[in-house]
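S.K.: One structure is given below, represented as structure tokens, and several questions about it will come after.
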Amino acid sequence: MNDLALLPNDPPVCLLAADGSFTPDDRFPLDLGTDDMADLLRQMIITRRLDREFVNLQRQGQLGVYPSCLGQEAAQVGSAAALGEGDWIFPQYRELGCAVVRDLPPEELGHLWRGTWLSAHDPCRYRFALLSIPIGTHALHAVGFAMGAKLAGDPIVVASYFGDGATSGGDPHEAMNFAAVYRSPALFFVQNNGWAISVPLERQTSAPTLAHKAIGYGMPGYRVDGNDVLATFAVTRKVVGAIRAGEGPAFIEAITYRMDAHTTSDDPTRYREADELERWQARDPIDRLRRHLTDHLSAWDDEQSFAAEAAATEAAARLREALYDAPVGDPEELFEHVFATPTDHLDAQRAQFLADLEDRGS
Ligand SMILES: Cc1ncc(C[n+]2csc(CCOP(=O)(O)OP(=O)(O)O)c2C)c(N)n1
Ligand SMILES: [Mg+2]
């Protein structure tokens, strides 16, 4: 293999400029009509509205915590839309936009943030695994799933989503190494949003870019402007096609920015400057596609805009209704879905947990 062929493209692929003008890139053809682009815009608008509703619900004491995806809508919607229907998504915890693309009712994810249930959705129905709070551990599950699919002759691609910070950890490393050695149909989609809580990217790695890490495993790495939904779609579509054709796993670094706090428990004003946020607001992913559709294609008018806002408001109302004051389940159920046959260790934990609850009189 020619190692140089694995070096990532730099600068990142960008098709849509901030003013909405479009420049094609022959390496990553965009096979989307105007209706498809309008759908991507609608999904990003819905994601943003739902995201705000989740934050509001947390502020009203209805959720324990919530990690906003504000600013990352294009990276999530563009990549998830480029996957095939049967392909699987293994999310971290911030991937609301991917769930929207999969038509996964957001309240079913919301029960995790409320603590009413570990998660309420059926992963097989939506080909969307449970959210993972432990950083990067799900990349291993995704690769195991991809290896299984290959053995079974099932032509799917399994995409795991994680952040820049996760690439500094051990689990994604092991997952990527296994995937490359076994030529598994795995996509590693990394949202480089600049921060791992309060740790900036430059304190996480000495690699020239995150995508350069891929060459160490023997797989190609790509860089894309993650605030450009069309570029994200085009790059992911091409890469997924190559993985499905048996070329082995690949890594995509989407450069984006987390415009809100890490979670509702975090205060980003303590570690980042306001002008950094302002710079990224000027690169807002939703504004960019909206400008392209209105100013350059005349394919998005007020009526479509009102309809998209109305659909988003309705989705937020449904979310609110489902989660507001939702009853808490039986805490003991926590232990019931860990192993088919509980271990002694788990039984001991359960006994201690129940004793603690009794001590607290709950
Ligand atoms: C295994 C593990 N270690 C540490 C943490 C604590 N933790 C929560 S979020 C986070 C940073 C993650 O940053 P990144 O991967 O960039 O994702 P982002 O939150 O920016 O989307 C850390 C270290 C955790 N949840 N799991
Ligand atoms: Mg990050």
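S.K.: Hey, which of the helices (runs of 4 or more DSSP H) in the range 90-186, taking only ones fully inside, have at least 2 residues that are more than 16 Å from ligand 2 (Cβ to nearest atom) and hydrophobic (A, V, I, L, M, F, W, C)? I'd like the intermediate steps shown before the answer.
M.R.: Numbers: elements: 96-101, 106-114, 123-126, 137-152, 170-181.
Qualifying helices (runs of 4 or more DSSP H): 96-101, 106-114, 137-152, 170-181.
S.K.: Of the residues in the range 170-210, how many are over 18 Å from the mean Cα position of the chain (by Cα), surrounded by fewer than 24 Cβ atoms within 10 Å (Cβ to Cβ) and within 19 Å of Pro249 (Cα to Cα)?
M.R.: Summing the residues that are over 18 Å from the mean Cα position of the chain (by Cα), surrounded by fewer than 24 Cβ atoms within 10 Å (Cβ to Cβ) and within 19 Å of Pro249 (Cα to Cα) in the range 170-210 gives 10.
S.K.: Of everything in the range 211-220, what is buried (at least 20 other Cβ atoms within 10 Å of the Cβ) and not hydrophobic (A, V, I, L, M, F, W, C)? Give them in sequence order.
M.R.: Lys213, Tyr217, Pro220
S.K.: Which of the numbered conditions does Gly246 fail, given that it passes all the others? Conditions: (1) modelled with pLDDT of 95 or more; (2) within 16 Å of ligand 2 (Cβ to nearest atom).
M.R.: (2)
S.K.: Continuing with this model, one more query. Within the range 269-281, identify whether any single residue is in a loop (DSSP other than H, G, I, E, B), of a type in the set (Gly, Ala, Ser) and either in the same structural domain as Ala74 (by TED's automatic domain parsing) or modelled with pLDDT of 95 or more (or both), and answer yes or no.
M.R.: Kept after step one, since they are in a loop (DSSP other than H, G, I, E, B), are these residues of the range 269-281: 271-273.
From what's left, of a type in the set (Gly, Ala, Ser): none.
Looking through the range 269-281, none of the residues is in a loop (DSSP other than H, G, I, E, B), of a type in the set (Gly, Ala, Ser) and either in the same structural domain as Ala74 (by TED's automatic domain parsing) or modelled with pLDDT of 95 or more (or both).
S.K.: A further question on this structure: Of the conditions (1) within 30 Å of Ile255 (Cβ to Cβ); (2) surrounded by fewer than 16 Cβ atoms within 10 Å (Cβ to Cβ), Asp347 fails just one. Which one is it?
M.R.: Only one criterion in (1) within 30 Å of Ile255 (Cβ to Cβ); (2) surrounded by fewer than 16 Cβ atoms within 10 Å (Cβ to Cβ) is unmet by Asp347, namely (1).
S.K.: Can I ask one more? Take the conditions open to solvent by 10 Å² or more (accessible area, probe 1.4 Å), out of contact with any His (no Cβ under 6 Å at 6 or more places or on another chain) and on the phi > 0 side of the Ramachandran plot and apply them to Ser298. Does it pass? Write out each step before concluding.
M.R.: Values: open to solvent by 10 Å² or more (accessible area, probe 1.4 Å): yes; out of contact with any His (no Cβ under 6 Å at 6 or more places or on another chain): yes; on the phi > 0 side of the Ramachandran plot: yes.
Answer is yes for this residue.
S.K.: If you don't mind, there's one more thing I want to ask. Looking only at the range 28-39, filter to residues that are assigned to a loop (DSSP other than H, G, I, E, B) and at pLDDT 95 or above; which one of those is most open to solvent (accessible area, probe 1.4 Å)?
M.R.: The initial filter retains those residues of the range 28-39 that are assigned to a loop (DSSP other than H, G, I, E, B), namely 28-33.
Now drop any that are not at pLDDT 95 or above, which leaves 28-30, 32-33.
Details: Phe28: 13, Pro29: 90, Leu30: 44, Leu32: 34, Gly33: 33 Å².
Once the filter is applied, the top-ranked residue is Pro29.
S.K.: Right, next: For the structure I just gave you, tell me whether Val239 is away from ligand 1 (no atom under 16 Å from the Cβ) and in the same structural domain as Ala282 (by TED's automatic domain parsing).
M.R.: Values: away from ligand 1 (no atom under 16 Å from the Cβ): yes; in the same structural domain as Ala282 (by TED's automatic domain parsing): yes.
Criteria met by Val239.
S.K.: Only one of (1) acidic (Asp, Glu); (2) in contact (Cβ under 8 Å) with a residue 24 or more places away in the chain; (3) not assigned by TED's automatic domain parsing to the domain that holds Ser21 fails for Asp359. Which number is that?
M.R.: Unmet condition: (2).
S.K.: Name the one entry in Ala261, Ala316, Ala326, Ala312 that is in contact with a helix residue (DSSP H, G or I) (Cβ under 7 Å, 6 or more places away or on another chain), open to solvent by less than 20 Å² (accessible area, probe 1.4 Å) and within 16 Å of ligand 1 (Cβ to nearest atom).
M.R.: Result of the check over Ala261, Ala316, Ala326, Ala312: Ala261.
S.K.: Additional query: Name the pairs whose Cβ atoms lie under 8 Å apart, with the first residue in the range 181-194 and among the hydroxyl-bearing types (Ser, Thr, Tyr), the second assigned to a strand (DSSP E or B) and more than 8 Å from ligand 1 (Cβ to nearest atom), and 6 or more positions between them or separate chains?
M.R.: Ser184/Val158
S.K.: Additional query: For the structure I just gave you, tell me whether Asp154 is surrounded by fewer than 20 Cβ atoms within 10 Å (Cβ to Cβ), away from ligand 1 (no atom under 16 Å from the Cβ), in the same structural domain as Leu40 (by TED's automatic domain parsing) and at positive phi.
M.R.: Considered against the rule, which asks whether it is surrounded by fewer than 20 Cβ atoms within 10 Å (Cβ to Cβ), away from ligand 1 (no atom under 16 Å from the Cβ), in the same structural domain as Leu40 (by TED's automatic domain parsing) and at positive phi, Asp154 comes out as no.
S.K.: Of (1) open to solvent by less than 60 Å² (accessible area, probe 1.4 Å); (2) of a type outside the set (A, V, I, L, M, F, W, C); (3) without any contact (Cβ under 8 Å) to a residue 12 or more places away in the chain, Arg127 satisfies all except one. Which?
M.R.: (3)
S.K.: Going through the range 215-254 one residue at a time, which ones are part of a strand (DSSP E or B) and out of contact with any Gly (no Cβ under 9 Å at 6 or more places or on another chain)?
M.R.: Gly221, Tyr222, Arg223, Asp225 - these are the residues of the range 215-254 that are part of a strand (DSSP E or B) and out of contact with any Gly (no Cβ under 9 Å at 6 or more places or on another chain).
Yes/no per residue for (1) away from ligand 1 (no atom under 16 Å from the Cβ); (2) surrounded by fewer than 18 Cβ atoms within 10 Å (Cβ to Cβ); (3) modelled with pLDDT under 95; (4) farther than 29 Å from Asp325 by Cβ:
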position: Pro12; (1), (2), (3), (4): yes, no, no, yes
position: Asp26; (1), (2), (3), (4): yes, yes, no, yes
position: Leu41; (1), (2), (3), (4): yes, no, no, yes
position: Arg48; (1), (2), (3), (4): yes, no, no, no
position: Gln62; (1), (2), (3), (4): yes, no, no, no
position: Gly71; (1), (2), (3), (4): no, no, no, yes
position: Glu85; (1), (2), (3), (4): yes, yes, no, yes
position: His121; (1), (2), (3), (4): yes, no, yes, no
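S.K.: Taking only the range 90-111 into account, find how many residues are more than 14 Å from Glu73 (Cβ to Cβ), within 15 Å of ligand 1 (Cβ to nearest atom) and open to solvent by less than 20 Å² (accessible area, probe 1.4 Å).
M.R.: Counting residues in the range 90-111 that are more than 14 Å from Glu73 (Cβ to Cβ), within 15 Å of ligand 1 (Cβ to nearest atom) and open to solvent by less than 20 Å² (accessible area, probe 1.4 Å) gives 3.
The values are calculated or read from the model by the stated rules, or taken from the named source; none is laboratory data. Because the structure is predicted, anything quoted here is derived from the model rather than measured. For neighbour counting, all protein chains shown are included, and Cβ atoms are generated from backbone atoms with ideal geometry for every residue, glycine included. These area figures cover heavy atoms from the full protein model, side chains too; ligands, DNA and RNA do not enter into them. Shrake-Rupley method; radii C 1.70, N 1.55, O 1.52, S 1.80 Å.
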